[in-house]
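Peer 1: This is the structure I want to talk about, given as structure tokens.
The values are calculated or read from the model by the stated rules, or taken from the named source; none is laboratory data. All values derive from a computational prediction rather than experimental measurement. Glycine gets a Cβ as well: all are built from the backbone with ideal geometry, and neighbour counts include every protein chain shown.
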Amino acid sequence: MPQKIVVDPVTRIEGHLKIEVEVEGGKVVDARTSGTLFRGLELIMRGRDPRDAQQFMQRICGVCPTGHATAGTLALDDAFGIAPPKNGRIIRNLILGSNYIQSHVLHFFHLAALDYVNAAAVVNAPPFTPQYQFEFKLPSDVNKAAVEAYIQALVIRRKAQEMLAIWGGKMPHVQAIVPGGVTEHPDAQKIAEFKSRLKELIDFVDNTYIPIVEAVAKYYPEWLEIGAGCKNMLAYGGFPLEDGKDHISAKKLFPGGIVFADGSKAVFDPNLVSEQVKYSWYKDEIAGKPTEAVVEPDPQKAGAYSWLKAPRYDGKVMEVGPLARMIVMEEPRVKALGAKAYSVLGRHYARAIECSIVAHAMDEWVTQLEIGQPVCTPHEVPSETRQGVGLCEAARGALGHWHRIENGLTRVYNAVVPTTWNASPRDEKGQRGAMEEALVGTPVKDPKNPVELVRVVRSFDPCFGCAIHLMTPDKKTIAEFQIG
Amino acid sequence: MPTKLSRREFLRLTAGSAAAISMSGFLAPFIKEAVAAGEAPPVIWIQGASCTGCSISLLNTVHPSIKEVLLETISLRYHPNVMAAAGDLALEEGMFKVAEKYKGQFFLVVEGAVPTGANGLFCTVGEKKDGTPITFESLVKEIGSKAKAVLNVGTCSSFGGIPAAGDNPTDCVPVSRIVDNTMINIPGCPPHPDWIVGTLAYVLLYNSIPELDTHGRPKMFFGGIIHDNCPRRQYFDNGIYARNFSDPGCLLELGCKGPIAHCDSTTRLWNGGTNWCIKAGAPCIGCTEPEFPWVIYRRLPEFPIGPRITTTVDEIGLVLGGLTAVGIAGHLVGNIATGRIGPKKDEEKEGDN
């Protein structure tokens, strides 16, 4: 007889999550992940000045607002028929890149590390106590170094926010990203301030963050075997490196693409994305493209268990995020892990490696800024019907915004976000979401202290503020976009 | 409680001058003392219809550092993003037992609006022993009524904010609508970390509530308006307006809410003093006001400045710009905006603690 374990709330993530698993013979045999907050931000956008999207969509998530500011303005650029000048493109990349560093450092040290590092052994007080009782495996000197890194990382992530604010105005909720580019101009002082902080951050990422992830992997080697999940990897591509091309076809730091579990590859085709709601608290069970707005909320719906919808690619469950990006770009250090890359610690390792790649890339980009040159392309809000798509890579994975404008106002807004891919409930075929699939097979030693479950969940760096924000007032499809 | 720092000194240190960026750094030693003596009241921090941005902003505090805040300044028993525990362990030990043991003594921080639609089911935060969900609405009511005071961190819990905008699909309300208790609003989307830490420091240090304005905001942070000290003020006075983003000029035509937005970002600056909204060329979005989110990038024809009183920016400009005030509305606006009308500042009348 399987034993049911519920963890509600799952803490040290962004947003509201409940997990429910069935354990038999010491292993998870079935899992359900439930997003438990619904706000309806896309409905709130309806009928507004379309430029409000940049600000409203950031409020999806205060940890990674820059991803939404980026996707939101790319969709506006697309709809308005404008593109940022070189400085605008670079500064947007610096803003998003700075947020990668803050988000990845925050995630590993402050959200995830306490599942491996015994902070209470060093500081025996709230918020480190109480905690689940389980065996910590790091030797005391390594543990001490990791706790010190936890403290140091508090400063590092703050400085990453400061780097972002140099270009973005403030953080959280960046003010300077606007349609056509940015509002902030480069000058020598800003570049110097940015570079001095970046130097310190690169040192931390390369000489502390990555080594500590490696140390955790050394003493918890089994976590390179657990939590494989669906192994279908999806990336839209992020950080455009070229001007004069649309953001989807421009060459990027992280290329877009798909690698399936069997190793086969494919080019991403937005038309193959569908969203399903059979197990979600929404009325109308129709499979919709992300470009179609679907459903209204039904918190009492029988059989449903999450506010997340279930996006699928060509009917398949997909994982997005740093691991997907590193697999798609065939990053050598991650590739060297082989099958072990598809694991709890594989995800942490990919995130750390990616953090280093972005930090070093920014060091180069900031020198390409042209002082005195324009940062923004002027625009008018069009009165005729327009639609735009913005695809980017947020810190947590592939992010797409779709925006339809009529009579100068927002008619439909739809965001398909990383955590909706990763933490989706089952789909119409009954296939589990990526995180649910990763939970299956996870050993649980002590059902009263199920640290193993939260280790799997946190490896995805889930963000439930992002994942649940969807709805439209009409039960029927109200618009369809042309994309691709 | 230690009493080395008088309230008058506290207010002087928190005044929004450029030198006061590190204002809360002065307070840490006094609060540390109380924490070390085991006298500091516990703090419980809960999140509802929020984006976690307020918590992230708190993490950006410079003086004191977040390490000092978390480990030496406040006794933080429950915080969804920071605490080691999860699930029942977190709820029971971190919240329910603490709220019972320290009834009437602990402070509750609420981040996020309260969705009241569908009987609160739009936001659930845990489950009861029988497996039924605990709604955020019921949690705020229960814990909020037991607290000594409730600190609403952010515009969502203070006024409703973005989730309550437009058609308000989940019927979000501010905390003050469902809890009857002493309350402080610390708005901002998100609030500056100094506003959060400074207010927490005040209540922990003096075990009382700082002076508040009509919207429940501490006057020490929200007493002035952006327009008064705007670095682009000269453009406004000279009638030079930016028409496109990134242009020089006053940002009014691009939707700037500086003339009615109350906060001290002009002098406090953000993120360790690196920058802030208007310095980066971005219009103020008025995120500390009850009317937020407005229409962000459009010039508003009229601004609300009090109950049933609205005015235009031109009228504010006439008064603040030193030109002749015409009409009673303009006169009123000028006086309210510059603080000549309204409750007297307490500094003169309040004695040292």
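Peer 1: For region B:105-126, name all the residues that are more than 9 Å from chain A (Cβ to nearest Cβ) and either closer than 20 Å to B:Arg177 by Cα or assigned to a helix (DSSP H, G or I) (or both).
Peer 2: Within region B:105-126, B:Phe107, B:Leu108, B:Val109, B:Val110, B:Glu111, B:Val114, B:Thr116, B:Gly120 meet the criteria.
Peer 1: Sticking with this one: In region B:182-226, how many residues are at pLDDT 90 or above and of a type in the set (Ser, Thr, Tyr)?
Peer 2: 3
Peer 1: Let me ask another. State all residues of region B:167-209 that are in contact (Cβ under 8 Å) with a residue 40 or more places away in the chain, assigned to a loop (DSSP other than H, G, I, E, B) and away from chain A (no Cβ under 14 Å); if no residue qualifies, say none.
Peer 2: Answer for region B:167-209, where residues must be in contact (Cβ under 8 Å) with a residue 40 or more places away in the chain, assigned to a loop (DSSP other than H, G, I, E, B) and away from chain A (no Cβ under 14 Å): B:Pro174, B:Ile178, B:Asn207, B:Ile209.
Peer 1: So which residues in region B:169-181 are farther than 13 Å from B:Pro290 by Cβ, touching a strand residue (DSSP E or B) at 6+ places or on another chain (Cβ under 9 Å) and at pLDDT 95 or above, if there are any at all?
Peer 2: Residues satisfying the conditions are B:Asp171, B:Cys172, B:Val175, B:Ile178, B:Val179, B:Asn181.
Peer 1: Could you count how many residues in region A:294-342 are more than 14 Å from A:Gln276 (Cα to Cα) and among the basic types (Lys, Arg)?
Peer 2: Of the residues in that region, 5 qualify.
Peer 1: Moving to a separate point now. Of the conditions (1) over 20 Å from A:Trp307 (Cα atoms); (2) in contact (Cβ under 8 Å) with a residue 12 or more places away in the chain, B:Gly126 fails just one. Which one is it?
Peer 2: Among (1) over 20 Å from A:Trp307 (Cα atoms); (2) in contact (Cβ under 8 Å) with a residue 12 or more places away in the chain, B:Gly126 violates only (1).
Peer 1: Please go through region B:236-255 and give me each residue that is out of contact with any Asp or Glu (no Cβ under 9 Å at 6 or more places or on another chain), away from chain A (no Cβ under 11 Å) and on the phi < 0 side of the Ramachandran plot, ordered by number.
Peer 2: If the condition is that a residue be out of contact with any Asp or Glu (no Cβ under 9 Å at 6 or more places or on another chain), away from chain A (no Cβ under 11 Å) and on the phi < 0 side of the Ramachandran plot, then B:Phe236, B:Asp237, B:Asn238, B:Ile240, B:Leu252, B:Glu253 are the ones that fit.
Peer 1: Oh, and also: Hey, does region B:251-266 have a residue that's among the β-branched types (Val, Ile, Thr) and either free of Cβ contacts under 8 Å to residues at least 40 places away in the same chain or surrounded by fewer than 23 Cβ atoms within 10 Å (Cβ to Cβ) (or both)?
Peer 2: The answer is no, given that none of the residues of region B:251-266 is among the β-branched types (Val, Ile, Thr) and either free of Cβ contacts under 8 Å to residues at least 40 places away in the same chain or surrounded by fewer than 23 Cβ atoms within 10 Å (Cβ to Cβ) (or both).
Peer 1: Working only within region B:127-141, note down all residues that are out of contact with any strand residue (DSSP E or B) (no Cβ under 7 Å at 6 or more places or on another chain) and either in a loop (DSSP other than H, G, I, E, B) or within 11 Å of chain A (Cβ to nearest Cβ) (or both).
Peer 2: Answer for region B:127-141, where residues must be out of contact with any strand residue (DSSP E or B) (no Cβ under 7 Å at 6 or more places or on another chain) and either in a loop (DSSP other than H, G, I, E, B) or within 11 Å of chain A (Cβ to nearest Cβ) (or both): B:Lys129, B:Asp130, B:Gly131, B:Thr132.
Peer 1: Do we have any residue at all in region A:89-99 that's more than 22 Å from A:Leu253 (Cβ to Cβ) and among the hydrophobic types (A, V, I, L, M, F, W, C)?
Peer 2: No, there is no match, as no residue in region A:89-99 is more than 22 Å from A:Leu253 (Cβ to Cβ) and among the hydrophobic types (A, V, I, L, M, F, W, C).
Every residue, every condition in (1) assigned to a helix (DSSP H, G or I); (2) polar (S, T, N, Q); (3) facing chain A (nearest Cβ under 7 Å), yes or no:
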{"residue": "B:Ala40", "(1), (2), (3)": "no, no, no"}
{"residue": "B:Trp45", "(1), (2), (3)": "no, no, no"}
{"residue": "B:Ser57", "(1), (2), (3)": "yes, yes, yes"}
{"residue": "B:Thr61", "(1), (2), (3)": "no, yes, no"}
{"residue": "B:Val69", "(1), (2), (3)": "yes, no, no"}
{"residue": "B:Arg77", "(1), (2), (3)": "no, no, yes"}
{"residue": "B:Pro80", "(1), (2), (3)": "no, no, yes"}
{"residue": "B:Ala84", "(1), (2), (3)": "no, no, yes"}
{"residue": "B:Glu92", "(1), (2), (3)": "yes, no, no"}
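Peer 1: Another question, then. Of everything in region A:331-384, what is of a type in the set (Gly, Ala, Ser), surrounded by 13 or more Cβ atoms within 10 Å (Cβ to Cβ) and in a loop (DSSP other than H, G, I, E, B)? Give them in sequence order.
Peer 2: Passing the criteria: only A:Ser343.
Peer 1: Sort through A:Lys159, A:Lys170, A:Lys218 and tell me the only one that's within 23 Å of the chain's Cα centre (by Cα) and either without any contact (Cβ under 8 Å) to a residue 24 or more places away in the chain or away from chain B (no Cβ under 14 Å) (or both).
Peer 2: Checking each option against the conditions leaves just A:Lys170.
Peer 1: Among (1) more than 22 Å from A:Ala395 (Cβ to Cβ); (2) aliphatic (A, V, I, L, M); (3) at pLDDT 90 or above, where does A:Ala287 come up short?
Peer 2: Condition not satisfied by A:Ala287: (3).
Peer 1: Moving on to the next point. From the residues in region A:141-156 that are in contact with a helix residue (DSSP H, G or I) (Cβ under 6 Å, 6 or more places away or on another chain) and either within 8 Å of chain B (Cβ to nearest Cβ) or part of a loop (DSSP other than H, G, I, E, B) (or both), which one is surrounded by the most Cβ atoms within 10 Å (Cβ to Cβ)?
Peer 2: In this case the residue turns out to be A:Leu154.
Peer 1: Can you name every residue in region A:116-140 that is within 9 Å of chain B (Cβ to nearest Cβ) and part of a helix (DSSP H, G or I)? Walk me through how you get there before you give the answer.
Peer 2: The first filter runs over region A:116-140 and keeps only residues within 9 Å of chain B (Cβ to nearest Cβ), leaving A:119-120, A:123, A:125-132.
Selection gives A:Ala119, A:Ala120.
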